[in-house]
1. Skipping prolines and chain starts, which residues have an amide H placed within reach, meaning under 5 Å, of the one on Ser45, given they are 5 or more residues away or on another chain?
2. Among Val108, Ile242, Asn183, which residue has its Cα furthest toward the positive end of the charge dipole of the chain, with +1 on Lys/Arg Cβ and -1 on Asp/Glu Cβ?
3. Which residue, Thr191, Thr278, Thr55, tops the fluctuation ranking in a GNM of the chain built on C-alpha contacts under 10 Å?
4. Tell me what the chain gives for mean residue ellipticity at 222 nm when only DSSP H runs of n ≥ 4 count, each as -39,500 (n - 2.57), the sum divided by the residue total, rounded to 500 deg cm²/dmol.
5. Compute, for the chain, the length of the dipole vector about the Cα centre, with Cβ point charges of +1 (Lys, Arg) and -1 (Asp, Glu) only. Units Debye, rounded to 20.
6. Ranked highest first by the average count of other Cβ atoms within 10 Å around their residues, in what order do 72-78, 124-130 fall?
7. Take the residue pairs Lys124/Lys309; Lys172/Lys277; Lys60/Lys280; Lys69/Lys280 and return only those whose Cα atoms are more than 21 Å apart.
8. If we count every other residue with Cβ under 14 angstrom of Tyr50's Cβ, Lys/Arg +1 and Asp/Glu -1, where does the sum land?
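Values quoted throughout were computed directly from the atomic coordinates according to the rules given, and no laboratory measurement underlies them. Everything quoted here is computed from the prediction, not taken from an experiment. All Cβ positions, even for glycine, are placed from backbone atoms using ideal geometry, and neighbour counts span all protein chains on display.
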Amino acid sequence: MKKSGKDREDRGISYAKWGYLFILPFFTAYILFTLIPQLMTFYNSLFMNYRDGLTQVGPKFVGLDNYVKLFSPDNSGSVGMIRYFGNTLILWLMGAVPQIVVALLLAVFFTSYRLNIRGQQFFKTVIYMPNLIMASAFSMLFFTLFSPVGPVNQLVLAAGWADKAIDFLNIKISVRVLISLMNFLMWFGNTTILLMAGIQGIDQSLFEAAEIDGANSIQVFFRVTLPLLSPILVYTIITAMIGGLQMFDVPQVLTNGKGTPDRASMTMVMYLNNYLKTSKNYGMAGAVSVVLFIISAALSLFVYNTLSKQYKK
């Protein structure tokens, strides 16, 4: 008597449970170290909880009062949260736009089948090396270089370009340029390597077919490379944006946490850190964290939907 297909299927081995078992450590770590802290941050943002000298005030439930206070004008009439978000956005754009453009050009250059560049491993190592330097060390290096008695000012005075030392760290545009330059130098190598990996994953026959059809380098880039590289490019832009919104260490060290001049380089995370460092105001710090999370999620969703339309059709 032959057994039916259903009987054989019922007695078959199901490997689905092993898949769930293998991904269990990730979800366990995510719940313990990411999801629960996020929920606790939102919970703490609903309380008034800070130190006034040696006196602990709270925790006292205040609902959304911390968020209202966060977006209320200060004595000067400006809203700190909006101002510092603007600073963060400007610093990110000044560093991220050159970073993406230069990384994309370098990735295309090093992976070009026409140029056939040799020693790619060497170049990958060289351009990635600035990423290995700690941001605090990088900031201290630039602080020393551009201080009133630093080498840059000595060269400026020796060349006769100025009558006295230039205080680069107290000029809004120069401070922003230095911060953006440091972020660019630290991260363009990492972005280049990611984009190189994405280009190398494209089928080589597509480039050969485009060459046979008479396409030049610019046409190949815009018609073949860029559309097929879009998923990786979207990923790098979103991760760079999230990292930019969380910018802290470079401006913190370069301006000694003051965001000079006139808080023009004060970022959102520096603003958050001030609540934790001065008054240990956990309620307001939690509110800033929640707002930063919402902004990051909204911008990431916007960038993803905008840049991924062409390959979702």
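1. The answer is none.
2. The residue sitting most towards the positive pole is Ile242.
3. Thr55
4. Working: 16 runs with 201 residues, N = 313.
Result for the chain: -20000 deg cm²/dmol, rounded to the nearest 500.
5. Roughly 720 debye for the chain.
6. Ranking, from highest mean packing down: 124-130, 72-78.
7. In this structure, Lys124/Lys309; Lys172/Lys277 exceed 21 Å between Cα atoms.
8. Net charge around Tyr50: +3.
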